[in-house]
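The values are calculated or read from the model by the stated rules, or taken from the named source; none is laboratory data. All values reported here derive from a predicted model rather than from experimental measurement. Here Cβ is always computed from backbone atoms with ideal geometry, including for glycine, and neighbour counts include all displayed protein chains. Ligands, DNA and RNA are excluded from the accessible area calculation, which covers all protein heavy atoms including side chains. Shrake-Rupley method; radii C 1.70, N 1.55, O 1.52, S 1.80 Å.
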Amino acid sequence: MMDELLAQFLIEGRDLIAEAEGHLGLLAGSGNDPAAIDGAFRAVHTLKGSVAIFDMAPAERVLHAAEDLLDTARKSGAGLSSPAIAQLVAAVDQTARWIDEMEAHGALLPGAAEIAAGLGGGGAAAAAEVVAEPEAEAEAEASWLGELLARVAADARDGAQVAFRYTPDPDCFFRGDDPLAIVEAVPELAALTLLRGEGWPDFADWDPFRCHLVIEGLSRAGIDAVRGAFRLVPDQVAFASVEAEAVPQSETLGEAGAASRVLRVEAGRLDRLADGVGELLVAANSLTPLAERAEALDPALAAGIRAAQAEVERVVGEVHRSVSAVRQVPLAASLRRLPRMAREIAGGLGKAIRLELRGETIEADKEVADGLFEPLLHLLRNAIDHGIEPPELRAAAGKPAEGVLALTVARQGASLVVTLRDDGRGIDPHAIRAAAVGKGMLGPQEAAQLDDAAALRLIFAAGFSTAAAVTDVSGRGVGMDVVQAAAERMRGRIEVESQVGAGTSFRLVVPLDAITTRLLVVQAGADRYGVRLDQIAETARVASDRLVPLGLGTACVLRDRTVPVLSLAALLGGEARRQAVARLLVTQAAGAPLALEVDGFGGRIDAVVRAKSGILAGVRHVAGTTLLGDGGVLLVLDLPELIG
Amino acid sequence: MSVRLDGTTVHLEGDCPVEDAEPLLALLLADPARAVSVEGAGRLHGAVVQVLLAAGVRVSGSSAHPFQRAHVLTALVAGNEAGSREAGGSDAADRPGNSER
């Protein structure tokens with residue numbers, strides 16, 4: 001039972017941390033953003049309530065201090081200063097670290113109290129004072145408020161902010177007061193109840209000029225407006241805030257301020273759903289050959305089958321889109337831990353950095369989103385460790401002391417492009433060439449022949465590292481080859497660009513959709529093959545006389561660039577055929593365009609590509625297979641491997 | 001006069017200030033079977049409403065006054081219901097209107 005509670009808290013607490021960070025991030029840009037201050041307050045307030053369930057008193061204190069800071073800001077409308085925002089960020093960061101400790105150890109590590117004190121969390125005595133008062137008040141309030149809320153109609157409770165319990169002085173009539181007239185002045189009254197006060201006499205003994213009423217009610221106006229109505233009798237009225245108390249604890253934890261209805265779904269269920277959709281697609285494809293066979297026997301029947309197939313394909317397409325959409329998650333969910341981790345890494349290295357996230361609202365398949373975190377973290381570590389210079393060097397170079405890292409997510413066709421750019425020292429191609437030669441990866445002549453772009457790509461080779469000293473961060477031997485492997489696991493690629501002195505930019509390009517792959521069917525020799533659409537830059541039909549010899553091979557000028565041309569049939573061990581019109585498939589090889597001549601273009605299909613297994617496992621240039629509607633198997637080519 | 005007896009019904013008409021509490025009380029004590037109508041009543045002073053609540057009497061009619069109509073009379077009806085549930089026993093028997101609620 002306790003484990004379940006903790007597991008729930010880990011998820012929801014981290015959601016709240018992310019929310020708070022998001023709002024604080026906005027405030028870093030503009031310290032006076034009422035919506036962001038309010039949002040941060042609500043997240044911190046809810047988080048404070050959550051940590052109270054566990055033995056996390058230092059976290060409670062830190063969050064309480066943060067909450068006070070935010071509450072003052074939101075009530076005064078004054079906005080937050082930079083030091084205040086920094087304090088809030090530190091509080092949220094530390095709480096996130098404590099949540100990690102709860103996950104790893106089930107308790108906070110020793111020293112938490114000192115850390116809390118340093119973050120404005122006060123000593124135990126202060127905390128006790130602060131905590132005791134609201135609790136005492138809360139207990140007294142709870143009983144009459146609970147009963148009042150239970151008594152009133154649901155629609156009266158709607159939007160109610162303040163509850164009051166007014167016990168007029170028994171002699172108020174003699175003073176000329178009318179309690180009902182006072183209550184009539186309460187703005188936005190939502191509900192009113194009249195109760196018999198203590199010592200209510202029997203009717204037979206009734207004294208009409210003594211007041212024994214107790215009047216309770218709910219108002220939709222704010223506390224200050226409601227207090228105003230009772231300003232002449234303040235000691236006769238008790239107030240309670242309806243919003244905070246009425247919502248049961250579990251709802252508060254779950255919603256975290258968002259108005260949307262959200263469902264938590266176990267990822268395995270979605271995977272099974274996705275598999276089902278894939279098989280539906282294949283099944284729908286299998287109607288085509290049936291229609292063809294029926295054509296010969298009964299054309300009307302064939303027409304009927306084709307019509308039915310079209311309908312099935314339409315609906316399957318919709319289901320596929322829906323399932324894909326369900327698996328889509330905003331990338332922010334995967335990326336949200338990065339800013340804090342970046343701050344920690346930088347702090348550990350004595351560097352100051354700022355990580356800007358852009359485009360994190362873009363959604364991608366959950367598998368893709370999850371798979372991005374590790375490689376991005378590696379890239380981040382690398383950029384902070386090797387890219388961003390120490391403050392003295394930056395100052396000498398005329399750069400601001402704070403290094404800027406920009407992480408941008410964008411959609412390009414069927415691919416997701418994630419770019420990490422830093423304004424650090426850049427990568428020197430000469431240094432890379434020298435290091436590669438020094439490690440015996442290539443000979444000096446080979447190295448000299450590489451152009452700068454190719455030299456930069458050497459960093460992705462296994463075992464490559466130019467770090468002069470192994471720092472704590474990179475000491476684990478995490479090289480860029482790990483990042484490239486991760487990109488390839490997601491059927492993507494990584495690219496690098498750099499300018500010495502100005503900075504470096506890494507581009508991670510991965511397909512958006514993990515369930516089905518869009519393929520282009522091509523003919524090479526007598527066979528059909530599938531080629532991944534996201535590996536194709538463009539297709540072209542050119543007159544064969546535009547293909548000219550270049551060195552030992554052939555080339556063609558496309559869009560003002562000389563592009564080498566290879567025959568796909570020849571690459572696959574067959575015979576190259578020259579046709580009057582050459583059909584070219586342009587792809588990227590080693591960062592430069594390359595054209596493959598094919599014997600024909602087939603259609604584009606959405607296919608479920610199964611990884612190669614069995615006897616195919618050893619075949620190098622095949623990425624996988626897919627089942628065609630006619631029952632045939634299409635080999636899906638791995639272009640980079642084929643060309644390389 | 002804002003408290004008027006007509007047959008078996010006590011009519012509250014116009015605004016009823018604190019002074020009306022006493023005549024109302026007298027009329028209701030004299031004959032507990034009497035009903036009260038607030039049709040045409042304006043603002044009712046807290047003392048007057050209190051008498052109605054204490055008597056547990058059935059209140060008919062719809063006051064023209066917004067606050068009275070929306071809140072006080074609703075509260076009064078609810079209060080009376082609660083009261084009769086609490087009282088049970090002898091009191092309930094004395095109020096012929098209760099059994100119909």
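Would you mind finding the one in A:364, A:383 that is modelled with pLDDT of 85 or more, closer than 26 Å to residue A:488 by Cα, of a type outside the set (S, T, N, Q) and in contact with a strand residue (DSSP E or B) (Cβ under 7 Å, 6 or more places away or on another chain)?
None of the others qualify; the one that does is A:383.
Of the residues A:323, A:316, which single one is in a helix (DSSP H, G or I), surrounded by 15 or more Cβ atoms within 10 Å (Cβ to Cβ), in contact with a Leu (Cβ under 8 Å, 6 or more places away or on another chain) and at pLDDT 80 or above?
Exactly one residue qualifies, and that residue is A:316.
Restricting to region A:307-324, name every residue that is free of Cβ contacts under 8 Å to residues at least 24 places away in the same chain, of a type outside the set (Ser, Thr, Tyr) and farther than 19 Å from residue A:288 by Cα.
Listed by number, the residues that qualify are A:318, A:321.
What strands (runs of 3 or more DSSP E) lie completely within region A:565-619 and have 2 or more residues being over 12 Å from residue A:524 (Cα atoms) and modelled with pLDDT of 85 or more?
A:581-589, A:592-598
Of the numbered conditions (1) closer than 30 Å to residue A:281 by Cα; (2) open to solvent by less than 60 Å² (accessible area, probe 1.4 Å), residue A:553 fails exactly one; give the number of that condition.
(1) is the only condition that residue A:553 fails.
What is the number of the single condition among (1) touching a strand residue (DSSP E or B) at 6+ places or on another chain (Cβ under 6 Å); (2) crowded, with 17+ Cβ neighbours inside 10 Å; (3) modelled with pLDDT under 85 that residue A:530 does not meet?
Every condition holds for residue A:530 apart from (3).
What number goes with the only condition from (1) closer than 23 Å to residue A:192 by Cα; (2) touching a residue at least 24 places away in the same chain (Cβ under 8 Å); (3) over 9 Å from the mean Cα position of the chain (by Cα) that residue B:71 does not pass?
That leaves (2) as the condition not met.
Condition first: more than 7 Å from chain B (Cβ to nearest Cβ) and within 60 Å of the chain's Cα centre (by Cα). Now tell me which residues in region A:196-211 satisfy that.
A:197, A:198 - these are the residues of region A:196-211 that are more than 7 Å from chain B (Cβ to nearest Cβ) and within 60 Å of the chain's Cα centre (by Cα).
Look at residue A:481 and say whether it is surrounded by fewer than 18 Cβ atoms within 10 Å (Cβ to Cβ) and at pLDDT 85 or above.
No.
Scan region A:157-183 for residues that are outside any loop (DSSP other than H, G, I, E, B) and within 12 Å of chain B (Cβ to nearest Cβ) and jot them down.
Selection gives A:166, A:179, A:180, A:181, A:182, A:183.
To keep it simple, each residue is scored yes or no on (1) at pLDDT 85 or above; (2) of a type in the set (D, E, K, R).
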| position | (1), (2) |
| --- | --- |
| A:3 | no, yes |
| A:26 | no, no |
| A:35 | yes, no |
| A:52 | no, no |
| A:55 | no, yes |
| A:63 | yes, no |
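Which one of these is touching a Leu at 6+ places or on another chain (Cβ under 9 Å) and more than 27 Å from residue A:422 (Cα to Cα): A:527, A:545?
Going through A:527, A:545 in turn, the sole match is A:527.
Which condition number in (1) over 30 Å from residue A:373 (Cα atoms); (2) open to solvent by 30 Å² or more (accessible area, probe 1.4 Å) is the one that residue A:491 fails?
(1)
From (1) modelled with pLDDT under 85; (2) open to solvent by 50 Å² or more (accessible area, probe 1.4 Å); (3) farther than 30 Å from residue A:24 by Cα, pick out the condition that doesn't hold for residue A:286.
(2)
If residue A:591 passes every condition in (1) in contact with a helix residue (DSSP H, G or I) (Cβ under 8 Å, 6 or more places away or on another chain); (2) among the small types (Gly, Ala, Ser); (3) without any contact (Cβ under 8 Å) to a residue 60 or more places away in the chain but one, which one does it miss?
Every listed condition holds for residue A:591 apart from (3).
Filter region A:514-524 down to residues that are open to solvent by 30 Å² or more (accessible area, probe 1.4 Å) and modelled with pLDDT of 85 or more, then give me how many there are.
1
For residue A:609, indicate whether it is out of contact with any Pro (no Cβ under 7 Å at 6 or more places or on another chain) and open to solvent by 30 Å² or more (accessible area, probe 1.4 Å).
Answer is yes for this residue.
Taking the options A:142, A:150, name whichever one is in a helix (DSSP H, G or I), open to solvent by 50 Å² or more (accessible area, probe 1.4 Å), at pLDDT below 90 and closer than 16 Å to residue A:238 by Cα.
A:142
Would you tally the residues in region B:4-49 being open to solvent by 10 Å² or more (accessible area, probe 1.4 Å), farther than 23 Å from residue A:192 by Cα, away from chain A (no Cβ under 11 Å) and not charged (D, E, K, R)?
Matching residues across region B:4-49 total 9.
This table checks each residue for (1) on the phi < 0 side of the Ramachandran plot; (2) in a loop (DSSP other than H, G, I, E, B); (3) at pLDDT 90 or above.
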| residue | (1), (2), (3) |
| --- | --- |
| A:420 | yes, no, yes |
| A:436 | yes, no, no |
| A:462 | yes, yes, no |
| A:466 | yes, yes, no |
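On the given criteria, is residue B:63 surrounded by 15 or more Cβ atoms within 10 Å (Cβ to Cβ), away from chain A (no Cβ under 14 Å) and not β-branched (Val, Ile, Thr)?
no
Which condition number in (1) open to solvent by less than 40 Å² (accessible area, probe 1.4 Å); (2) over 31 Å from the mean Cα position of the chain (by Cα) is the one that residue A:546 fails?
Among (1) open to solvent by less than 40 Å² (accessible area, probe 1.4 Å); (2) over 31 Å from the mean Cα position of the chain (by Cα), the lone unmet condition for residue A:546 is (1).
Cβ-Cβ under 9 Å, sequence separation 6+ or interchain: first residue in region A:94-109 and surrounded by fewer than 17 Cβ atoms within 10 Å (Cβ to Cβ), partner of a type in the set (Phe, Trp, Tyr) and outside any helix (DSSP H, G or I). Which pairs?
A:107/A:54
Looking at (1) open to solvent by 50 Å² or more (accessible area, probe 1.4 Å); (2) part of a helix (DSSP H, G or I), which is the one condition that is false for residue A:32?
(2)
Condition check ((1) under 22 Å from residue A:332 (Cβ atoms); (2) of a type in the set (Gly, Ala, Ser)) across all residues:
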| residue | (1), (2) |
| --- | --- |
| A:5 | no, no |
| A:47 | yes, no |
| A:79 | no, yes |
| A:87 | no, no |
| A:100 | yes, no |
